[in-house]
1. Can you go through 49, 69 and tell me which one is at pLDDT 75 or above, in a helix (DSSP H, G or I), surrounded by 11 or more Cβ atoms within 10 Å (Cβ to Cβ) and not small (Gly, Ala, Ser)?
2. Would you pick out the residues in region 201-218 that are under 28 Å from residue 189 (Cβ atoms) and either under 34 Å from the mean Cα position of the chain (by Cα) or not in a loop (DSSP other than H, G, I, E, B) (or both)?
3. Go over the candidates 129, 108, 156, 116 one by one and state the one that is touching a Gly at 6+ places or on another chain (Cβ under 9 Å) and within 24 Å of residue 304 (Cα to Cα).
4. Would you point out which residue out of 204, 213, 218, 177 is at pLDDT 95 or above and of a type in the set (Lys, Arg)?
5. Inspect region 92-106 for any residue being assigned by TED's automatic domain parsing to the domain that holds residue 155, at pLDDT 90 or above and assigned to a helix (DSSP H, G or I) and give the result as yes or no.
6. From the list 208, 255, pick out the single residue that is surrounded by fewer than 11 Cβ atoms within 10 Å (Cβ to Cβ) and under 20 Å from residue 140 (Cα atoms).
7. I'd like to verify a number: residues in region 131-154 that are outside any helix (DSSP H, G or I) and farther than 23 Å from residue 92 by Cβ, how many?
8. Among the residues of region 223-233, is any free of Cβ contacts under 8 Å to residues at least 12 places away in the same chain, more than 30 Å from residue 259 (Cα to Cα) and among the hydroxyl-bearing types (Ser, Thr, Tyr)?
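The values are calculated or read from the model by the stated rules, or taken from the named source; none is laboratory data. All values reported here derive from a predicted model rather than from experimental measurement. FYI the Cβ positions are ideal-geometry reconstructions off the backbone, even for glycines, and counts take in every protein chain you see.
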Amino acid sequence: MMEFIANYGLFLAKAVTILIFIWVVLSLIASLAHKPHETDQVEIKNLNKKFNNLKLLMQKSLLSKKEAKHLVKENKKADKKKKQSDDRQRVFVLNFVGNIKASAVKHLRKEITALLSVATPKDEVVVCLENAGGMVHEHGFASSQLERIKQRNIPLTVAVDKVAASGGYMMACVADKIIAAPFSIIGSIGVIAQIPNFNRLLDKHGVDYEQIKAGDLKRTLTMFGKNTDEDREKFTQQIEETHTLFKDFVKGNRDQVDIQEIATGEHWLGKRALELKLVDELMTSDDYLLLKSETADVYQVTHIAPKSISEKIKGSAENAYEKVLTTLWENRILSK
């Protein structure tokens, strides 16, 4: 009898899960049919409140009940006084975590467009950057987005906690000021290209490869055809030209560096990067923003792209399934 009840309970749980999933999907489809098309959004968070709440929480835990009550009261007065002041600087914080294609630029460009509609030269923009580099044209475009801030004469600071190398440093060097954690990775001002060639393998197995091009230099090195010395020479020339442009870009933005010393493709840790003038100060982004919050209003700006229908259905289904499992587990515990 107990085995029957257990099997029946398991069957019922599966049936309920399937029904809930179907209900979630149908409800979501119905709601999407009646909702207007969602647009991109920009979320703004006041980091002063976050820092103050953390500080208040620590202070309250160390004080008596009476002292804590007085502290809360004084803190409210101080907040009110800050709000009444029109002279406080505003600091807008952007986060950029890069990959080989710098795909986060799709968010960065919209965040910058949003903040430029309100920011003035007395404000400041801080970009918390984590980027190990990648494709030249993608990171060049990301650097151009940061240049939009400079063109408005708005002070720009880049904070590097972990890495700003190669294309990441191309972005960082645009800033008026670069701060870096002592063990962050900085530099790698060089260009590299690696291409495997399968021509001998294909030839061994009797596979022909044909490439037709109009213009002798339309394609130089190839993965499947036979590469010539002329192809290699031209490709090397293209790499050298890109490196020269990279060096000129860094030198144009940070005149204080010795470009011949730093443009070897090497990278350095933060402390050595400071000596080479690749960065201006050793400090984490946490300390910098905490320090800024004492005299300025600090806002984190984040672009939020609308989710696709499939992403919404997947998220809703996962939440529903998790709720069912949690309910069954709680009932199991309570029945013991």
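1. Working: 69 fails: at pLDDT 75 or above.
Answer to the check: 49.
2. So the first thing to find is which residues in region 201-218 are under 28 Å from residue 189 (Cβ atoms), and the list is 217.
Across region 201-218, there are no qualifying residues.
3. Details: 108 fails: touching a Gly at 6+ places or on another chain (Cβ under 9 Å); 156 fails: touching a Gly at 6+ places or on another chain (Cβ under 9 Å); 116 fails: touching a Gly at 6+ places or on another chain (Cβ under 9 Å).
When all the criteria are applied, what remains is 129.
4. On the way: 204 fails: at pLDDT 95 or above; 213 fails: at pLDDT 95 or above; 218 fails: at pLDDT 95 or above.
Going through 204, 213, 218, 177 in turn, just one is at pLDDT 95 or above and of a type in the set (Lys, Arg): 177.
5. Taking region 92-106 and keeping what is assigned by TED's automatic domain parsing to the domain that holds residue 155, we get 92-106.
Going one step further and asking which of them are at pLDDT 90 or above, we end up with 92-106.
In the following step, the residues that additionally are assigned to a helix (DSSP H, G or I) were identified as 105-106.
Scanning region 92-106, I find at least one residue that is assigned by TED's automatic domain parsing to the domain that holds residue 155, at pLDDT 90 or above and assigned to a helix (DSSP H, G or I), so the answer is yes.
6. On the way: 208 fails: under 20 Å from residue 140 (Cα atoms).
Going through 208, 255 in turn, just one is surrounded by fewer than 11 Cβ atoms within 10 Å (Cβ to Cβ) and under 20 Å from residue 140 (Cα atoms): 255.
7. Of all residues in region 131-154, those outside any helix (DSSP H, G or I) come to 131-135, 152-154.
If we keep only those that are farther than 23 Å from residue 92 by Cβ as well, we get 132-135.
Within region 131-154, residues that are outside any helix (DSSP H, G or I) and farther than 23 Å from residue 92 by Cβ number 4.
8. Checking region 223-233: at least one residue is free of Cβ contacts under 8 Å to residues at least 12 places away in the same chain, more than 30 Å from residue 259 (Cα to Cα) and among the hydroxyl-bearing types (Ser, Thr, Tyr).
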